[in-house]
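Report on the structure given below.
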Amino acid sequence: MRNDANKTKRSGLIAGVLAAGVASVALTGVVGNTVPVFAEPVKVDAPVQNFGFADVVEKVSPAVVSVRVTQEVMPAMSNGRGMASPFESLPEDHPLRRFFDVPGRDGMPNGMRPDSEPRSRMGQGSGFFISDDGFVVTNNHVVEGGSEYTVVMDDGTEYDAELIGTDPRTDLALLKVDEDDTTFTYVEFGDDDAVRIGEWVVAVGNPFGLGGSVTAGIVSARGRDIGAGPYDDFLQIDAAVNRGNSGGPAFDLNGRVIGVNTAIFSPSGGNVGIAFAIPASVAKDVIQSLREDGNVERGWLGVQIAPVTDDIAEAVGLDKEQGAIVTLPDTDTPATKAGIKTGDVITAVNGTEVEGPRELARMIGNYRPDTTVEVTVWRDNESQDISVELGNLSNLDEAASARGSSVPVDPSSLSGYGLTLTPSEDGEGVVVTDVTPDSSASEKGIKAGDVIIAVNGKTVESQKDVQAAIDAAAESGRKAALFQLETEGQNRFVALPIAKS
């Protein structure tokens, strides 16, 4: 009887374990009447079963293409095999070159040699169809300088393509294949905002000319700034992306494009697990503009801006590091016409908070020229809204003017700050002639030759004006004074702690 009871008890326990989905369990110890209570561990409610990417790849691969670009170059760089260097599609001064260039022993890309005669060269990249009538997305640096474009399907079929438009600022381009009675398999953009760090991503493309290659990884980070331009907002992924993957899609597991692969970071030129993709939210809007107009028109505010640091926030009376401080409005711009001034902190556009300069640049760029926006600025300890009719960034003349510093005379010391000052010969500002080492001014990067234009928004023409502005800040309870400095024609703001008397 006891053996039967034990068998029944064991069967009940085993049945309970199997019902919980456990394949094999060893039971030891004594079961008591009380069970200690512990915090629940972190767990995944629905683990992936029979995980793989085959279903996704099978569906999306027909929409992914190789892009061949013929360029007329004089002279050319070849590798002796009739193929162009994969680096040459970027201009020498392009900020993305540092993600592609791999010097050889002779100072040129590995395996490359100069040719003395004019010749055609072939560049390669990747792309993908976004419509059944033949529109293809790729990178601007893939097609730049091209005269002929060929789209190669995953089955080897080749089609001639026409360049519809490019946007160098986001490194995107749009091609069009015109083929009567042909319906192309295409993919759609997904919602990259819904993609979390750690989620899977599948990259399909043409690495090193090997068409139809598939790699997988995860989203490693969001909002990466790699120094490519003011609209940097890249997804970082660790899927193996190499030269030739440029312009190819990064898919989520639903087969939607969440990013366009555009750059890698690699000392060797090969994959090291750090790749960058243009988010779908950016690519979708740019490609739509290229499809409709052949170009991208962006709004233009017309200010030079800098981040708001903690000490700058303290100096101007903001509760937190937020927004972008105007270091210098360009002459005759939408901003200056509307009344925005140097020293204003732009905190919002149409009610949407501005976190910093990059966010402001992207927000303004998302509006069309001639759009009127409400710009919220922090000035004189209060917020105010200023209506600005945006200009056209495409028409921007980037000519800059610089004012040279005059020879300083009659220097005087600014007590407690380690600064020696003298009036500027043209009467605009006060010239720094000496900075005491280890002083707060030195630590903030102030150097001899800098010109103090204003302190806490008050223009200064002498050491006395500077001291008066600092005293006024101290009387109002400020812990720091905000100095507007000009160096070689460029403006910046530095907050110096108010010296205790």
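Across the stretch 480-488, rounded Karplus estimates of 3J(HN,Hα) from the backbone phi angles (6.51 cos²θ - 1.76 cosθ + 1.60, θ = phi - 60°) give 8, 10, 9, 9, 9, 10, 10, 10, 6 Hz, Gly and Pro being marked x. Taking Cα centre as origin and charging only the Cβ of basic (Lys, Arg, +1) and acidic (Asp, Glu, -1) residues, the dipole magnitude of the stretch 412-497 rounds to 380 debye. With 30 Å as the limit on Cα-Cα distance, the pairs of Lys176/Lys337; Lys337/Lys458; Lys284/Lys337 that go past it are Lys176/Lys337; Lys284/Lys337. Beyond 27 Å, the tail of the calculated P(r) for the stretch 155-301 holds 22 percent of the Cα pairs.
Quotient of the Cα radius of gyration of the stretch 299-395 and 2.2 N^0.38 Å, N being its number of residues: 0.98. Ranked by the mean number of other Cβ atoms within 10 Å of their residues, highest first, the peptides 310-317, 331-338 fall in the order 310-317, 331-338. Tell me, rounded to the nearest percent, the portion of alpha carbon pairs in the stretch 412-497 spaced more than 21 Å apart. More than 21 Å apart: 17 percent of the Cα pairs in the stretch 412-497. Placing unit charges on the Cβ atoms only, positive for Lys and Arg and negative for Asp and Glu, gives the stretch 192-293 a dipole magnitude near 300 debye about its Cα centre. Estimated translational diffusion coefficient (Stokes-Einstein, Kirkwood radius over Cα pairs, 4 °C, 1.567 mPa s) of the stretch 160-210: 88 µm² per second. Kirkwood's formula applied to the C-alpha pairs of the stretch 326-373 gives a hydrodynamic radius of 11.6 angstrom. Ordering of 296-302, 383-389 by packing is 296-302, 383-389, highest average first (other Cβ atoms within 10 Å, averaged per residue).
At a temperature of 25 °C and a viscosity of 0.890 mPa s, determine how fast the stretch 233-339 diffuses translationally according to Stokes-Einstein, using the Kirkwood radius over alpha-carbon pairs as Rh; express D in µm²/s, rounded to the nearest whole number. The diffusion coefficient I find is 141 µm²/s.
Every read-out reported here was derived from the displayed coordinates using simple, explicitly stated rules and does not represent laboratory data. On a predicted model such as this, the values are computed, not experimentally measured, just so you know. Don't worry about glycine lacking a Cβ; one is built from the backbone with ideal geometry, like all the others, and counts go over all protein chains shown.
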